[in-house]
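All remarks here apply to the structure that follows.
The values are calculated or read from the model by the stated rules, or taken from the named source; none is laboratory data. These numbers come from a predicted model, not from an experiment. Glycine also receives a Cβ, built like all others from the backbone with ideal geometry; neighbour counts cover every protein chain displayed. Heavy atoms of the whole protein, side chains included, go into the accessibility calculation; ligands, DNA and RNA do not. Shrake-Rupley method; radii C 1.70, N 1.55, O 1.52, S 1.80 Å.
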2 protein chains.
Amino acid sequence: MPRFFTDDIHENTARITGDDAVHIGRSLRMRLGDEITLCSGGMEYICKIRSISDKEVLCDVLSSQKTKAEPSIELTLFQAMPKLDKLEFIVQKAVELGVCKIVPVLTERCVSRPDGKSFEKKRARLQKIAEGAAKQSGRGIIPTVTDIISIETAAKQMKECDISLICYEKGGRRLCGDMFSDKKTVALMIGSEGGFSEREVELCKDCGALPIWLGKRILRCETAPIAAVSIIMHLTENM
Amino acid sequence: MPRFFTDDIHENTARITGDDAVHIGRSLRMRLGDEITLCSGGMEYICKIRSISDKEVLCDVLSSQKTKAEPSIELTLFQAMPKLDKLEFIVQKAVELGVCKIVPVLTERCVSRPDGKSFEKKRARLQKIAEGAAKQSGRGIIPTVTDIISIETAAKQMKECDISLICYEKGGRRLCGDMFSDKKTVALMIGSEGGFSEREVELCKDCGALPIWLGKRILRCETAPIAAVSIIMHLTENM
């Protein structure tokens, strides 16, 4: 059944506007009475189409349930800026695997250093990729891709999570299930092509982050987040 | 230190020929007396360059050790043929993560269906990608990308491994560490864009394969192998 996100659901009526409305009527050629799944804030609504136009699709909500595909943990990926195509890839895969937020971070060794303004356009594109991946993988939310922030700000934000991890190729603990018992919010920081400086790792450690190590093979900066997110989702029984 | 693969190591003399020889002399501009790491069959040789030409580089072997980055298990990835760019991606990531062989498999629902002859050219390209990934990630072997085989042949080959797993989106066991205790060789089968037919899963089960399940989110066919290989390498303490 086609799957869309909307936040416009009130008293058993759901409304879809914008590109999705056009897509439902024109590309999918859906008709009055057809069923559709709408997602909003981790809930899933089975709906029946009541009216279609290019401007809006109105639906009656038939039933609702918590989206089963949402993981039990809220994992935020703090990703040091790699080249843009790699970030696109990371966003798509991280969303499929269950992260709830992706925060691009500027570190000393980032080769790609967009300023806030030039990143804004890119952010819109990355958010579209996140939405596509959320629809395709059956997520109950559209994970957010935030603005780019400094590692100092990132370290402070990570502190807010129940557990905070930084992947460090020079060593750290192996990921293990015990790290996550009774933890709801998880922060994971991954480096860019050049990794982190020692100062940056110390900064994160001072904010409570635990260095973790992904083993002896040198992983590319786009492989490390996918591997780490997969392992964390497995250790927390979300995979 | 630059890292190359060669099988031509005899009595403390190592020889590199072909493109790598040209690369060492011209691109890297290495000189007599420079040190270089050579890999062969899971061993790592620290060598000193004795002579350089475009045809061959001769080296004295100074010391040798088992490559620490090689995993303790031999994991073969049986991958149902996706579109070629996705297979390239899977080969690169699977090699970084530690698989020892990638076997492309033709299944009922493969959209991409190259015949043996047209695949031969592609195989050469995939093997190059495997070699690049092996060098970059510090592997001790160059994993092989084999010819494309039928699922019937694949099921029989999987039987040879100590444990054989097939990812099935309709359900199976979760991956767990116990599956791999005392196991040296592991076969992992992953579907293409359309997944497997029931008949194919039954065929693999008849050959002893255990269906496994990667959770409630629908993973793309290139994400599933990366996630599964990461989790298996973690469960076997190779990551």
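Structure data summary
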{"item": "The listed residue being hydrophobic (A, V, I, L, M, F, W, C) and closer than 19 Å to B:E237 by Cβ, out of A:F196, A:F180", "result": "A:F180"}
{"item": "Hits in region B:82-97 - residues which are under 26 Å from B:D19 (Cβ atoms) and either more than 13 Å from chain A (Cβ to nearest Cβ) or touching a Leu at 6+ places or on another chain (Cβ under 7 Å) (or both)", "result": "B:L84, B:L87, B:E88, B:V91, B:A94, B:E96"}
{"item": "Residue identified as within 16 Å of the chain's Cα centre (by Cα) and either under 30 Å from B:G132 (Cα atoms) or open to solvent by 60 Å² or more (accessible area, probe 1.4 Å) (or both) among A:I212, A:I226, A:I218", "result": "A:I226"}
{"item": "Test: B:P104 is under 20 Å from B:E44 (Cβ atoms) and either open to solvent by 10 Å² or more (accessible area, probe 1.4 Å) or in contact (Cβ under 8 Å) with a residue 40 or more places away in the chain (or both)", "result": "no"}
{"item": "Residue pairs meeting the criteria (Cβ under 8 Å; at least 6 apart or on separate chains; first within 13 Å of another protein chain (Cβ to nearest Cβ), in region A:65-81; second open to solvent by less than 40 Å² (accessible area, probe 1.4 Å) and modelled with pLDDT under 90)", "result": "A:K66/A:G42; A:T67/A:G42; A:E70/A:G42"}
{"item": "Residue list for region B:154-194, filter: open to solvent by 60 Å² or more (accessible area, probe 1.4 Å), polar (S, T, N, Q) and under 19 Å from the mean Cα position of the chain (by Cα)", "result": "B:Q157"}
{"item": "Residue in region B:216-228 that is of a type outside the set (V, I, T), within 11 Å of chain A (Cβ to nearest Cβ) and more than 29 Å from B:P114 (Cβ to Cβ) present", "result": "yes"}
{"item": "Elements of type helices (runs of 4 or more DSSP H) in region B:135-239, at least 1 residues being under 20 Å from A:L175 (Cα atoms)", "result": "B:223-235"}
{"item": "Failed criterion for A:E198 (all others in (1) surrounded by 23 or more Cβ atoms within 10 Å (Cβ to Cβ); (2) more than 13 Å from every other protein chain (Cβ to nearest Cβ) hold)", "result": "(1)"}
{"item": "Residues that are of a type in the set (K, R) and either open to solvent by less than 30 Å² (accessible area, probe 1.4 Å) or within 16 Å of A:A69 (Cβ to Cβ) (or both), drawn from region A:1-49", "result": "A:R3"}
{"item": "Whichever residue in region A:229-239 is facing chain B (nearest Cβ under 9 Å) and of a type outside the set (A, V, I, L, M) and, among such residues, is most open to solvent (accessible area, probe 1.4 Å)", "result": "A:E237"}
{"item": "Residues located in region A:46-78, provided they are over 25 Å from A:A130 (Cα atoms) and assigned to a loop (DSSP other than H, G, I, E, B)", "result": "A:S53"}
{"item": "Residue count for region B:1-45, restricted to those that are part of a helix (DSSP H, G or I) and of a type outside the set (S, T, N, Q)", "result": "9"}
{"item": "Total residues in region B:79-101, condition touching an Asp or Glu at 6+ places or on another chain (Cβ under 8 Å), open to solvent by less than 40 Å² (accessible area, probe 1.4 Å) and in a loop (DSSP other than H, G, I, E, B)", "result": "3"}
